[in-house]
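The values are calculated or read from the model by the stated rules, or taken from the named source; none is laboratory data. All figures in this text were calculated on a predicted structure; none of them were measured in a lab. Positions of Cβ are backbone-derived with ideal geometry, glycine not excepted, and every protein chain shown enters the neighbour counts. Side chains are part of the model used for accessible areas, which takes the heavy atoms of the whole protein and leaves out ligands, DNA and RNA. Shrake-Rupley method; radii C 1.70, N 1.55, O 1.52, S 1.80 Å.
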Amino acid sequence: MEAYLDHAATTPINPAALDAQVQASQLIGNPSGSHRAARAAKDLLETSRERVGLLLGVDASEVIFTSGGTESDNLAILGSTQDGHVVLSTAIEHHAVLEAVRASKGRLVGVASSGVVDLNQLEDELKDNGASVRAVSVMLANNETGVVQPLSEVLKLVRKYSPKALCHTDAVQAPSYLDVAELAKGFDLVSISGHKFGGPKGVGVLVIKKSSGLRPMFYGGGQEFELRSGTPNLGGIAAMAVALQEAVTHREANVRRISGLTERLRRGLSSRFPTIKPNGTEAPQMCNITNYCFEGLNSEEILFKLDALGVFASAGSSCASGALNPSHVLLEMGRSKIEALGSLRLSLGVTTTEEEVDYAIGAIGDVIPELAAKKGTAWG
Ligand code: PLP
């Protein structure tokens with residue numbers, strides 16, 4: 001038996017999306033060409049763009065295809081800022097945003113213990129920096145805790161103090177669970193990534209509102225409205241558009257089902273570990289992510305033991321060597337380093353079954369007391 005509880009890391013490809021990818025990959029034309037084979041590829045590219053635009057509530061001409069969430073986030077931040085501009089973001093962003101903000105010498109706003117951005121601090125930063133703020137980036141839902149950020153409040157503050165600033169949201173974790181079109185309404189820049197909602201890896205979107213005036217990061221043939229040169233990944237794009245359609249069409253039913261499974265998971269684990277409480281439950285949270293701190297234990301050891309039992313999950317951020325650092329998100333929420341080093345993220349998705357959840361509860365119920373006994377700590 002195996003239980004894949006790592007859908008926030010990546011999702012299994014949707015069968016209809018896979019079909020679309022195979023079919024699109026058989027088209028031989030380059031969409032930039034002018035002969036019939038090229039036009040067939042161009043048609044599919046533009047149909048996919050229109051489809052994505054409709055699903056995200058924007059014009060097709062505002063949909064820029066990229067290589068994924070990391071590129072979309074980097075293009076949003078690096079493309080909007082130059083020397084002398086201020087970029088503001090939050091300290092709990094994914095590294096794709098955090099590192100781009102650091103490279104731009106930007107400023108980070110903290111969060112409350114609930115994981116929600118500190119709007120007072122954001123307001124102070126906006127007041128202090130006013131017209132020099134060029135971009136503000138606040139994620140829609142956090143990838144470690146699932147906490148949903150109050151984007152409409154953020155937007156109001158930005159428009160009040162820095163009306164010319166571009167508002168960006170990293171909505172990468174959201175499309176299967178939240179109405180991105182509604183929640184990110186009014187934002188100038190929105191990132192999504194195909195592999196987080198049943199599409200292939202290595203393809204994404206940055207929505208760029210027409211008035212944004214973004215500079216490209218790649219120069220070349222001028223594809224994607226001069227904003228992202230390079231021959232587009234047509235197979236990936238066609239598949240991502242189908243996956244997004246599926247995610248949006250079935251979102252309500254999936255959210256209902258996955259909420260039930262998450263509830264089952266949490267109940268099962270709290271009956272084994274009565275003192276445990278998931279992180280981020282005091283704020284609005286997506287239905288699929290549960291994050292625990294097993295204080296005194298080591299995430300790496302937990303994951304290793306679970307892996308041996310066929311349960312696949314994650315912890316906080318890992319660095320390039322694979323070694324675990326304490327999660328910056330949990331530290332920002334006021335968790336101690338020891339708590340953060342024992343974090344476990346269990347993320348469900350559209351393919352998750354009750355059997356997987358029950359199997360994972362059993363495996364975690366065995367592994368935690370075993371590791372705790374070795375360390376002489378209190379779990380189990
Ligand atoms: N932003 C968030 C919130 C994510 O969860 C991820 C991936 O984990 C990314 C950005 C990066 O996306 P990609 O893997 O497509 O580069």
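Computed with a 1.4 Å probe over protein heavy atoms only, the accessible surface of region 15-249 comes to 40 Å² per residue.
Per-residue ellipticity at 222 nm from helix content only, as computed over the chain with -39500 (n - 2.57) for each DSSP H run of at least four residues, stands at -13000 deg cm²/dmol. Ligands, DNA and RNA left out, the 1.4 Å accessible surface of the chain is 52% carbon and sulfur atoms. Here region 15-249 carries DSSP beta bridges of which approximately 45% are antiparallel, counting only pairs with both residues inside.
Suppose R0 equals 22 Å. What FRET efficiency, 1/(1 + (r/R0)^6) with r the Cβ-Cβ distance, do Arg272 and Thr353 give to the nearest 0.05? Please list the in-between numbers first.
Working: r = 20 Å, r/R0 = 0.92.
E(calc), rounded to 0.05, equals 0.65.
Applying the Karplus relation 6.51 cos²θ - 1.76 cosθ + 1.60 with θ = phi - 60° to region 269-284 yields 3J(HN,Hα) values of 6, 6, 6, 7, 10, x, 8, 7, 9, x, 6, x, 7, 7, 10, x Hz, where x marks Gly and Pro. The long axis of helix 36-56 is offset from the longest Cα principal axis of the chain by roughly 50 degrees.
The simple spin-label model puts a point 7 Å past each Cα toward its Cβ; for Phe218 and Ala253 those points are separated by 3.7 nm. In terms of overall dimensions, the C-alpha atoms belonging to region 15-249 reach 56, 34, 25 Å along their principal axes, ordered largest to smallest. Extension gain for Asp307-Ser211 works out to 29.8 nm (0.36 nm per residue, less the C-alpha to C-alpha distance). Per-residue accessible area (protein heavy atoms, 1.4 Å probe) orders Phe304, Phe65 as Phe304, Phe65, starting from the largest. For Val86, the residues whose amide H sits under 5 Å from its own are Val133, Arg134, Ala135, ignoring neighbours fewer than 5 places away on the same chain, with H placed 1.01 Å from N.
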